[in-house]
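Worksheet: one structure, shown below.
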């Protein structure tokens, strides 16, 4: 059975809306188009979400929850050796960024829904200062990361890089995608922390 037919109507609405908002930009998608794609009347759609901004909030919150829960699941996996865990985190986050933080979507948010952009900013700050910090801590405790670098400084550098680069103004000037920028930041920072042995392991994963 198709996965969309197994979802509740509300979940289907959020899933389709998220896909369209992230790929096309929030302002370019209309409720008429979403209703047509969902095979329902606009009146029915409005019974679930009274306006497009409410649907945007739901789409973003659902996506952020999925990202947080996925990261937590990887962090909690005791069966993964640290370099394998690091590679899994890199792959997972790269996939999430590539579908969620498109340049057109980010520019749209800052212009038409700044409160949603602020929510994303708050979320990534919280993610970096808690879950990313736990990943760094585990890497240092396991011996995979060098022990001559301050954990707090690593977290600060990573947060500053993400905040400065993964934003609409900077991305508009760069010839690559949000996904490429994220991968470069993550790889440059974490590979610099790895011991030579752990770096070789990561590259062979």
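Values in this text are rule-based calculations from the coordinates and carry no lab data. Here the structure is a predicted model, which means the values were calculated and not measured.
Mind jotting down the distance between the C-alpha centroids of the stretch 53-67 and the stretch 103-173, whole Å?
After rounding, the separation between the Cα centres reads 19 Å.
By how many nm would the segment from residue 72 to residue 147 lengthen if fully extended, with 0.36 nm per residue of separation less the alpha-carbon distance?
On the way: separation 75, 0.36 × 75 = 27.00 nm, distance 2.42 nm.
Answer, rounded to one decimal: 24.6 nm.
I'd like the orientation of helix 52-75 relative to the chain: the angle between its Cα long axis and the longest Cα principal axis, in ° from 0 to 90, rounded to 10.
30
What angle do you read, to the nearest 10 degrees and between 0 and 90, between the alpha-carbon axis of helix 9-24 and the longest principal axis of the chain?
The angle comes out at about 70 degrees.
Relative to 2.2 N^0.38 Å, what does the C-alpha radius of gyration of the stretch 122-205 come to as a ratio? Two decimals please.
1.15
If one takes the longest principal axis of the Cα atoms in the chain, at what angle in degrees, from 0 to 90 and to the nearest 10, does the Cα axis of helix 114-127 lie?
30
Compute log10 of I(q)/I(0) for the stretch 3-48 with the Debye formula, placing one identical point scatterer on every Cα and leaving out solvent, at q = 0.14, 0.17, 0.19, 0.24 Å⁻¹, to two decimals.
For the stretch 3-48, the Cα-only Debye profile gives -0.30, -0.44, -0.55, -0.86.
What number, in percent, do you get for the relative contact order of the chain if the mean sequence gap of Cα pairs under 8 Å and at least 6 apart is divided by its residue count?
Over the chain, the number comes to 23 percent.
Does the stretch 65-174 come out rounded, prolate or oblate by the C-alpha gyration tensor, with a ≥ b ≥ c the root eigenvalues, rounded set by a/c under 1.5 and, if not, prolate when a/b is larger than b/c and oblate if not?
prolate
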